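Quick notes on the structure that follows.
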Amino acid sequence: MGNRSPFRVAATLLFLLSLAVPAAAQAEAQRLQALEQRFAEERAQFLEFARQARTPEERAELAAAFPREEFVPALEAIATAARGTDVAARAWLGVLRVGALLDERELFARALERLVGEHADSTLMGNLALELVYGAPAWSARPAAEALRTILAKTPHADIRAGALAELALLVGLDDAFGAEGRAEAEQLLARIEREHGTADFIGMTGAEFAAGARHEITQLRVGQVAPDFEASDETGTRFQLSDYRGQVVLLDFWGFV
Amino acid sequence: MGLLPQKKALVERLEDEPFRFLGVLGREGDPADFRARLKQHGITWRNALDLGEPADGVLWARWAVRGFPQFYLLDASGVIRQRWFGDPGAELEPAIEALLAEARAAAK
């Protein structure tokens, strides 16, 4: 046996393994990044065509033509290979995005389950929470609310908890899919925000300010309500009222130069 | 500004329809020389300016707007029919078409 005691052999093997694991993880991360980039490009093109599609049939054709098989199997493979790491979480986020884009509800649900089930501690839950409400498809409201409740309960990160609180309150309060139950849940969440973040900074304003604004939206700015009238000056200095446009379909766009 | 090409295409396509695209320009980003910048970007549609005296930020506050893009789609009776936080993607145009069809049917 000489100098090669079992302990030294084991230590050497562990050392070699520790070199191998980061290299493999790096390969997965690189593969993932390439997929994310390609998906962003394909998605942009898809949305461009989707906007021009005039009928549900045309839109369905577009969805069928999307190169889904270039993404989903590869992303799932990365998620499996990198299981338990943020690389896997990002991969599942990628699968979620495919599901959202192509209205594949089962795929969306599966990815969401993996995300909140296996990655609740991750800082990526902040990204997930945003994606669930920002530019999210209308049909995803219920699974999104479930996921936000889980994130809220499980995340160890205070800022992610605050974001989830805010997003969940607005989601269940505003979306008619949740009915009166949703509005009651929203009110509970808003009361909690006032209690825990009343005068403190809460996603860029005080908790009290956020709660006041959210309540206003939930009671006055719902789908089905007449939009509150306003008077304003336009870019030429001319005064006008929103109600001047009765008789026309109006798309109101709150925006800014960035 | 990312959605600007889509907005322009929308306004152009629906020029002859009972449709109005109405911007509410807030303080996000730099509001300086907004008139010149609107022109520079080829923004031909009306924008309510929620900037400066006496109304600074009033509209954004009244509509509880915390970030943008934030869209509200109103029908011909002024009723809120849909709202989006973020890019509406493929949902926007079908929603507008449906309301235009409604308006046409009501006019008959």
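Okay, here's what the table says:
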quantity	calculated
Contacts under 7 angstrom Cβ, first residue in the stretch A:223-242 being within 7 Å of chain B (Cβ to nearest Cβ), partner assigned to a loop (DSSP other than H, G, I, E, B) and open to solvent by 40 Å² or more (accessible area, probe 1.4 Å), 6 or more apart	A:D234/B:R46
B:E97 at pLDDT 90 or above, of a type in the set (D, E) and under 17 Å from the mean Cα position of the chain (by Cα)	yes
Condition broken by A:A34, with the remaining ones in (1) open to solvent by 60 Å² or more (accessible area, probe 1.4 Å); (2) more than 20 Å from B:E91 (Cβ to Cβ) satisfied	(1)
Tally, over the stretch B:67-94, of residues that are surrounded by 19 or more Cβ atoms within 10 Å (Cβ to Cβ) and more than 7 Å from chain A (Cβ to nearest Cβ)	3
Number of positions in the stretch B:73-108 that are free of Cβ contacts under 8 Å to residues at least 40 places away in the same chain, outside any helix (DSSP H, G or I) and either farther than 24 Å from A:F46 by Cα or in contact with a Cys (Cβ under 6 Å, 6 or more places away or on another chain) (or both)	8
Subset of the stretch A:144-191 [at pLDDT 95 or above, open to solvent by 60 Å² or more (accessible area, probe 1.4 Å) and touching a Gly at 6+ places or on another chain (Cβ under 9 Å)]	A:R183, A:E187
Number of the exception - B:T44 against (1) β-branched (V, I, T); (2) at the interface with chain A (Cβ under 7 Å from one of its Cβ atoms); (3) open to solvent by 30 Å² or more (accessible area, probe 1.4 Å)	(2)
Hits in the stretch A:112-135 - residues which are in a loop (DSSP other than H, G, I, E, B) and within 13 Å of chain B (Cβ to nearest Cβ)	A:Y134, A:G135
Test result for A:L221, open to solvent by less than 50 Å² (accessible area, probe 1.4 Å), within 22 Å of the chain's Cα centre (by Cα) and of a type in the set (A, V, I, L, M, F, W, C)	no
Filtered residues of the stretch B:3-20 (kept if under 12 Å from A:W255 (Cβ atoms) and either open to solvent by 70 Å² or more (accessible area, probe 1.4 Å) or hydrophobic (A, V, I, L, M, F, W, C) (or both))	B:L3, B:L4
Residue match in the stretch A:199-212 (condition: surrounded by 18 or more Cβ atoms within 10 Å (Cβ to Cβ) and closer than 22 Å to A:D103 by Cα)	no
Per-region count, the stretch A:118-143, residues of a type outside the set (F, W, Y), closer than 14 Å to A:L93 by Cβ and open to solvent by 40 Å² or more (accessible area, probe 1.4 Å)	5
Residue match in the stretch A:47-62 (condition: loosely packed, with under 11 Cβ neighbours inside 10 Å, more than 14 Å from chain B (Cβ to nearest Cβ) and either free of Cβ contacts under 8 Å to residues at least 12 places away in the same chain or in a helix (DSSP H, G or I) (or both))	no
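The values are calculated or read from the model by the stated rules, or taken from the named source; none is laboratory data. Because the structure is a prediction, the values reported are computed rather than measured. All Cβ positions, glycine included, derive from the backbone under ideal geometry; neighbour counts span all protein chains shown. Surface areas here come from the heavy atoms of the whole protein model, side chains and all, with no ligands, DNA or RNA. Shrake-Rupley method; radii C 1.70, N 1.55, O 1.52, S 1.80 Å.
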